[in-house]
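This report concerns only the one structure given below.
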Amino acid sequence: AVDLARTDGAVLISGETGTGKELVAHALHRLGSRRDKNFVAVNCATFDPDRIEEQVIGRIGGPIGSFRKADGGTLFLDEVGELPLAQQAKLLRVLETGQFRRVGGRGYRKSDARIICATNRHLWEHVTDGKFREDFYYRIACLAVRLPPLRERLDDIGLLANDLLELVSRTMPQDFTLSPEAVEQLKHYDYPGNVR
């Protein structure tokens, strides 16, 4: 993770819902050279398709866009697989060059934001199906990280459960611990929501 944090290349984090993609994005920001700058998270699934440029790039006399807020820091595009093709095309230029023109503006501005994206979709399958732009995919997936589901990380279950118990114990009059038998029992569950 430290090596990934030290580079400025765009990172695509993929994994099922609840595997901790946003936590990994925060860790990459915190461990990198941009840690003293803003970490700006936006959920692509909530974008208004008609106002995406305004929301991400900004408008003259209006709100500051996410790229400008993240200048020098990190822009985290969560649920990037939810972006429609037309919106991917609108964001492609700023991802390629770091330059953008605010809605209603004339000149270009520059943003030096590191891009980290997350998705629970298999984006390459969407590329081959024509549902996700290939050029956009290569822009956001310079470095790719797949977070395996919890059912594939059985050795982590005891650690996670004990960490959660420690948090609960802080608010209770007594400490709780898990026996080795209890940890073994926890390993037999499928965890459909993963860590969440």
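The values are calculated or read from the model by the stated rules, or taken from the named source; none is laboratory data. These numbers were taken from a predicted model, which means no experiment stands behind them. No Cβ is skipped: glycine too gets one built from the backbone with ideal geometry, and neighbour counts run over all protein chains shown. Note: areas computed on protein heavy atoms with side chains; ligands, DNA, RNA excluded. Shrake-Rupley method; radii C 1.70, N 1.55, O 1.52, S 1.80 Å.
Wrap a convex hull around the Cα atoms of the chain, take a quarter of its surface area, and give that in square nanometres. If you can, show how the numbers build up before the last one.
Details: hull surface 54.8 nm².
One quarter of the hull surface, i.e. the mean projection, equals 13.7 nm².
Given a Förster distance of 41 Å, report the FRET efficiency between residue 33 and residue 190 from their Cβ-Cβ distance, rounded to the nearest 0.05. Spell out each step's value before the answer.
Numbers: r = 40 Å, r/R0 = 0.97.
After rounding, the FRET efficiency stands at 0.55.
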Q) Leaving out ligands, DNA and RNA, what percent of the accessible area of the chain is carbon and sulfur, probe 1.4 Å? A) 49 percent
(Q) Could you tell me the center-to-center distance, by alpha carbons, between the stretch 16-55 and the stretch 116-195 in angstrom? (A) 17 Å
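Given the peptides 186-193, 100-107, arrange them by the average over their residues of other C-beta atoms within 10 Å, most packed first. The partial results should precede the final answer.
Working: 186-193: 12.2, 100-107: 14.4.
Output ranking for 186-193, 100-107: 100-107, 186-193.
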Q: Over the chain, give the accessible area per residue in Å² for a 1.4 Å probe, as an integer.
A: 58 Å²
Q. Accessible surface of residue 126 in the full protein assembly, 1.4 angstrom probe, to the nearest 10 Å²?
A. 40 Å²
Q | Relative contact order for the stretch 81-196, counting Cα pairs under 8 Å that sit 6 or more residues apart, in percent | A | 22 percent
Q. Two-decimal Rg/Rh of the stretch 53-136 from alpha-carbon positions, Kirkwood Rh?
A. 0.99
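Count the DSSP beta bridges whose two residues both fall in the chain, then state the antiparallel fraction as a percent rounded to the nearest 5.
Of the beta bridges lying entirely in the chain, close to 15 percent run antiparallel.
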Q: Mind pulling the angle between the C-alpha long axis of helix 85-97 and the longest principal axis of the chain? Nearest 10 degrees, somewhere in 0 to 90.
A: 80 degrees
(Q) Using the Cα centre of the stretch 68-141 as origin and beta-carbon charges of +1 (Lys, Arg) and -1 (Asp, Glu), tell me which of 122, 89, 132 is placed farthest towards the positive end of the dipole. (A) 89
Q: Quote the charge dipole size of the chain about the Cα centre in Debye, to the nearest 20; the model charges only the Cβ of Lys and Arg (+1) and of Asp and Glu (-1).
A: 1240 debye
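Which order do the peptides 81-92, 172-183 come out in when sorted by mean C-beta neighbours inside 10 angstrom, highest first?
Ranking, from highest mean packing down: 81-92, 172-183.
Run the numbers on the stretch 4-106 and let me know its relative contact order in percent, using alpha-carbon pairs under 8 Å that are six or more apart. Can you show the working numbers first?
On the way: 123 pairs, mean separation 29.2, N = 103.
Relative contact order here is 28 percent.
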Q | In the chain, lysine pairs closer than 27 Å at Cα, eight or more apart or cross-chain | A | 12
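Before anything else, pin down the relative contact order of the stretch 134-196: Cα pairs under 8 Å, at least 6 apart, normalised by residue count, whole percent. Intermediate values should be presented prior to the final figure.
On the way: 25 pairs, mean separation 25.6, N = 63.
Once normalised by length, the contact order is 41 percent.
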Q. How would 75, 31 rank on accessible area, largest to smallest, probe 1.4 Å?
A. 31, 75
Q.
With every protein chain left in place and a probe of 1.4 Å, what is the accessible surface of residue 142, to the nearest 10 Å²?
A. 80 Å²
Q) Which value results for Rg/Rh of the stretch 5-69 when Rg is the Cα radius of gyration and Rh the Kirkwood radius based on the inverse mean 1/r? A) 1.02
